[in-house]
Amino acid sequence: MSADIATMDAPRVRLVVLGATGSIGKSTLDIVRHHPDRYEVVALAAGRRAAELAELAREFNVRFAALADASAGEALDAALAGSGIANGAGQSALHDAALYPADIVVAGIVGAAGLAPTFAALQAGRTIALANKECLVCAGDLFMAEARRRQVAVLPMDSEHNAIFQVLESRNIAEVEKIVLTASGGPFRTKTLDEMRHVTPAQALRHPNWDMGSRITIDSATLMNKGLEVIEASHLFPLAHDQLDVLVHPQSVIHGMVQYKDGSLLAQLGSPDMRTPIAHCLAWPRRLDLPVARLDLARLATLTFEAPDLVRFPALGLALSAMRAGGGAPAALNAADEEAVAAFLAGRIGFLDIASVVADVLETLTGSGALAAPESVAAVLNLDGEARRQAAVAIARRAV
């Protein structure tokens, strides 16, 4: 039997998409549109966009749709009237969506809000296609221990981690010298500190290469996103902290590299299109045909690299320090950053204040002894709440 015939006869892979209306969810569903014979979307979840979620639920004829925002439940129910699609709103509905019978759960909810439902899906034995980095930033030890206990695959969807996943010879992990995550440098890569002091949210949201949600776009501008990705990598790949490196690569063509002890440097290249790493996870260990732009290296001609500047971009240094500190420091870092980014987008603080708010929160919580390693998801969420409260105090001191 040919591979094509075998694929046609195989049952479709059942997907649950958490974060369906965000950039990861939209890219995932676009892949399903191109391969309806291979994938069936059985449940969708989103934050508060009732009309958009209902439209997607109808298009893919899902069995269950959920909104995290309980106040949007009536709007979702009305938008799905007559469709026969079960739906709900609130955290319990989000939990139900995560546990809906499926083969793969795409974890695309942004921020710490994605931790509990993704962890629930992991405990239920679902394969996790992980785009929510906070699961590992905030609860990496707990999350990966549970994955090992349940013998569940955690497939990295972030472009950089997926690149490492593609080129890492796992059987030769002892021969790895280091892995390198690349960063575009964001829109302010060449700006001085004084110039960055006056940038606006609109300017910070203009990422030169990627189309992403607002929080991750701002985090890319501060390089906090790269710091969070290094923390994530420390849990995904069994390497020491000093074997994790960052390199600024403005063209965003090389997404990740593995340096081996014999001097070999293996890299994964591709156009900056999230559909490629998402499709790699959905089809792993096989590959899908995708209508993404192919690289024309002759036209690109030049690829450039530079070391990150921790003076102009202190957020990266804060994240690396939190990783080395361990315990609850990464979770507090993430929560404080979420609050600071929201305050910047609301015009309450300046761009450079984002990192200083995070630094204040980490200093305060370290001094109070609150950064012990959380022993449960509930403890992680409690620490997350305390870090947000401390961030609110730090933001108020800087409010413009």
Please work out which residue is surrounded by the fewest Cβ atoms within 10 Å (Cβ to Cβ), limiting yourself to segment 157-171 and to residues that are of a type outside the set (A, V, I, L, M, F, W, C) and assigned to a helix (DSSP H, G or I).
-> R171
Residues that are more than 25 Å from L239 (Cβ to Cβ), within 17 Å of the chain's Cα centre (by Cα) and aliphatic (A, V, I, L, M): find the strands (runs of 3 or more DSSP E) completely inside segment 60-151 holding 2 or more of those.
-> 104-107
Any chance segment 119-133 includes a residue that's of a type in the set (A, V, I, L, M, F, W, C), surrounded by fewer than 24 Cβ atoms within 10 Å (Cβ to Cβ) and touching a residue at least 40 places away in the same chain (Cβ under 8 Å)?
-> yes
Within segment 16-41, work out how many residues are more than 14 Å from the chain's Cα centre (by Cα) and not basic (K, R).
-> 13
Return the total of residues in segment 55-87 being in contact with a strand residue (DSSP E or B) (Cβ under 7 Å, 6 or more places away or on another chain) and within 30 Å of A10 (Cα to Cα).
-> 11
Filter result for the condition that a residue is of a type in the set (A, V, I, L, M, F, W, C) and more than 19 Å from the chain's Cα centre (by Cα), over L223, L265, L205, L228 | L265
Quick one: which of D384, D353, D360 is under 20 Å from the mean Cα position of the chain (by Cα) and not assigned by TED's automatic domain parsing to the domain that holds I231?
-> D384
For residues that are assigned to a helix (DSSP H, G or I) and among the hydrophobic types (A, V, I, L, M, F, W, C), scanning just segment 352-372, find the one that is farthest from T222 (Cα to Cα).
-> L365
Give I173, I216 a once-over and let me know the one that is over 27 Å from L265 (Cβ atoms) and aliphatic (A, V, I, L, M).
-> I216
For residues that are in contact (Cβ under 8 Å) with a residue 12 or more places away in the chain and polar (S, T, N, Q), tally how many sit in segment 370-400.
-> 2
Quick one: which residue in L239, L228 is more than 20 Å from A346 (Cβ to Cβ), among the hydrophobic types (A, V, I, L, M, F, W, C) and in a loop (DSSP other than H, G, I, E, B)?
-> L239
Could you please let me know if F344 is aromatic (F, W, Y), surrounded by 15 or more Cβ atoms within 10 Å (Cβ to Cβ) and at pLDDT 95 or above?
-> yes
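The values are calculated or read from the model by the stated rules, or taken from the named source; none is laboratory data. Small disclaimer: the values here were computed from a predicted structure and weren't measured. A quick note on method: Cβ atoms are made from the backbone with ideal geometry, for glycine too, and the neighbour counts reach across all protein chains shown.
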